[in-house]
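Each reported figure results from applying straightforward, stated rules to the coordinates on display, with no laboratory input. Since we're looking at a predicted model, the values are computed, not measured. Cβ placement follows ideal geometry from the backbone for every residue including glycine, while neighbour counts extend to all protein chains displayed.
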Amino acid sequence: MTDVVHRKASWSARTVAAGRDAIEGRRTGLAAFLPFAGPAVVASIAYMDPGNFATNIEAGARYGYALLWVVLLANLTAMLFQALSAKVGIVTGKSLAQHCGERLPRPLVYAMWGASEVAAMATDLAEFLGAALGLSLLTGWSLMLCLVLTGVITYGLLLVQRIGFRPMEMLIGGFVFIIGSCYLVELLIAPPEWLALAVGTVKPTLPDARAVTLAVGVIGATVMPHAIYLHSNLTQGRVPASNDDETRRVLGWSNREVMIALSFAGLVNMAMVSMAASVFNANGYGEVAEIETAWRTLTPLLGGAAAFVFMLSLLASGFSSSVVGTMAGQAIMQDFVTFRIPLLARRLITMAPAFVVVGMGVTVTQALVMSQVVLSLVLPVPMIALIYVTANRQIMGAFANSRAITLLASFAALVVLSLNALLLCVLAGMEIPGLGG
């Protein structure tokens with residue numbers, strides 16, 4: 001057993017050594033890229049979590065392909081902010097939360113930490129409930145029992161990080177492969193209407209007030225606050241560069257990984273919406289808004305194989321994203337307020353809201369969608385902090401954002417803030433011109 005642990009731990013050491021070889025020119029092409037692949041893969045699982053299932057299924061079932069443009073917008077925004085977050089860790093050797101903790105007034109730091117913990121709790125609610133729901137539907141066991149089993153399984157998966165970062169990256173990468181493969185199968189079983197898909201991807205529209213809530217939920221499920229914080233934590237000091245030229249090489253590989261990993265995540269999200277549109281909306285099941293209903297409806301429409309593949313992807317998503325969410329929560333607490341609690345304690349604390357929700361009898365999918373809305377409301381905090389840090393030449397030196405990048409990131413943050421404000425108006429019952437009931 002000790003030999004196995006040592007061998008797995010050595011994977012991380014070999015990855016660092018391979019990264020140095022790449023920086024110094026002894027590796028080229030794919031061999032140079034691979035040692036730097038991992039952080040964006042881990043972050044990308046946050047963009048394929050059960051919250052995405054909930055919002056994307058309802059978006060596709062209710063509105064067909066009409067909200068695909070929101071998925072595209074959210075994914076492009078995610079690429080930009082994840083690349084900037086990775087840059088913070090690579091250039092400075094510190095995470096985004098560490099910079100905030102060191103440079104901002106303590107009351108503001110604690111407020112940001114509190115908001116980040118709320119986001120972490122909302123994230124884990126979606127991920128934990130999704131995995132437990134999938135297990136419950138497959139086995140027929142009670143949801144409460146499946147919550148306990150899911151907690152045990154995810155805690156066991158979390159222990160992998162004790163033997164090095166590379167084994168954890170490989171584990172998460174395996175889950176990403178399963179999710180993507182499942183949705184490829186679903187698209188082969190139920191091909192979308194490609195013309196309608198193309199139009200929905202490029203034509204912005206919000207058919208009614210419910211679409212506003214879903215649009216904000218899609219953004220909250222796609223651009224994740226904890227993933228923005230975590231990415232800088234994963235890249236800090238991974239393969240240290242000794243000068244600006246080496247740093248530029250590392251940033252190039254990091255940006256490529258972000259593009260590849262998040263493009264894959266974006267395609268999975270679009271596949272989720274498209275599957276719901278082609279199966280549910282096209283067949284008159286526009287009111288399908290529950291994961292349970294979607295699973296049970298798939299069987300008579302497409303057969304048991306399609307339903308099983310759907311549930312397998314939900315399980316892979318729930319287990320892996322719950323692991324990543326707990327990792328992010330650890331990093332956020334440690335980096336913001338230099339405080340750390342035992343892994344088991346954090347796992348138990350972040351599990352608690354899921355047990356409360358189930359105990360209260362709240363609909364699981366409704367809880368998932370609303371958790372994504374909470375995430376979207378918290379999202380401007382790390383976005384604005386990231387813009388501030390990456391534009392600051394005292395922090396980033398020669399790698400500070402150009403004015404164009406700062407303006408683009410600021411515009412993206414403004415779009416999120418505007419959608420959040422629109423959502424609050426809808427929830428308050430205000431009449432919004434251009435929106436139906």
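Report the calculated FRET efficiency for Asn243 and Ser142 (r = Cβ-Cβ distance, R0 = 60 Å), to the nearest 0.05. Efficiency, from the Cβ-Cβ distance: 0.55.
Label positions at Ile341 and Ser181, each projected 7 Å from the Cα along the C-beta direction, are separated by 3.7 nm. Based on alpha-carbon centroids, what's the gap between the stretch 166-182 and the stretch 362-395 in Å, whole number please? One Cα centre to the other: 24 Å.
Could the peptides 313-326, 245-258 be put in order, highest first, of the mean number of other beta-carbon atoms found within 10 Å of their residues?
Numbers: 313-326: 27.1, 245-258: 18.4.
Answer by packing, highest mean first, reads 313-326, 245-258.
Note on the stretch 289-344: Rg/Rh from Cα positions, Kirkwood definition for Rh, rounded to two decimals, is 1.29. The GNM of the chain, with springs linking C-alpha atoms under 10 angstrom apart, assigns the highest mean-square fluctuation among Arg238, Arg27, Arg347 to Arg27.
Taking each residue as 0.36 nm, the span from Met430 to Val356 lengthens on full extension beyond its C-alpha to C-alpha distance by 23.5 nm.
The helix-only estimate of mean residue ellipticity at 222 nm for the chain, built from DSSP H runs of length n ≥ 4 each weighted as -39500 (n - 2.57), is -26500 deg cm²/dmol after division by the residue total. Converting phi to 3J(HN,Hα) with the Karplus coefficients 6.51, -1.76 and 1.60 and the offset θ = phi - 60°, the stretch 380-394 yields x, 4, x, 4, 5, 4, 5, 4, 4, 5, 6, 8, 8, 5, 5 Hz in sequence order, with x at every glycine or proline.
Computed from the C-beta positions of Arg296 and Ile260 and an R0 of 30 Å, the FRET efficiency is 0.30 to the nearest 0.05.
For the chain, modelled as a GNM whose springs connect Cα atoms under 10 angstrom apart, the maximal fluctuation among Ala265, Ala227, Ala196 occurs at Ala196.
In order along the stretch 17-33, the phi-based Karplus estimate (6.51 cos²θ - 1.76 cosθ + 1.60, θ = phi - 60°) of 3J(HN,Hα) comes to 5, 5, x, 5, 4, 5, 4, 8, x, 8, 10, 9, x, 4, 4, 7, 6 Hz; Gly and Pro are listed as x. If you work out Rg and Dmax of the Cα atoms in Å from the coordinates, which of [x] 24.3, 83; [y] 22.5, 72; [z] 21.0, 66 do you get? Recomputing Rg and Dmax of the Cα atoms in Å here gives the entry labelled [z].
Amide H contacts under 5 Å for Asn401: Ala391, Asn392, restricted to partners 5 or more places along the chain or on a different chain, H placed in the peptide plane at 1.01 Å from N. Amide H to amide H distances under 5 Å link Asp208 with Gly436, where only residues 5 or more positions off or on other chains count and H is placed in the peptide plane.
Karplus-based coupling profile of the stretch 416-423, in residue order and whole Hz: 4, 4, 5, 5, 5, 5, 4, 4, with θ = phi - 60° in 6.51 cos²θ - 1.76 cosθ + 1.60 and x standing for Gly or Pro.
Count Lys and Arg as plus one, Asp and Glu as minus one, and take only other residues whose Cβ is under 11 Å from that of Tyr155; the net charge is then +2.
Sort 288-298, 70-80, 39-49 by the packing proxy (mean of other Cβ within 10 Å over each peptide's residues), most packed first.
Details: 288-298: 20.3, 70-80: 22.5, 39-49: 27.7.
Going from most to least packed, we get 39-49, 70-80, 288-298.
One decimal place: the segment Leu417-Val202 gains 75.3 nm when fully extended, by the rule 0.36 nm per residue minus the C-alpha distance.
Over the chain, what is the relative contact order in percent, taking alpha-carbon pairs closer than 8 angstrom and at least six residues apart? Intermediate results must be reported in sequence, preceding the final value.
On the way: 695 pairs, mean separation 156.7, N = 437.
RCO, the chain: 36 percent.
For the pair Leu188 and Leu104, label points projected 7 Å from Cα toward Cβ lie 4.7 nm apart.
Averaged over residues, the count of other Cβ atoms within 10 Å places the peptides 402-409, 125-132 in the sequence 125-132, 402-409, highest first.
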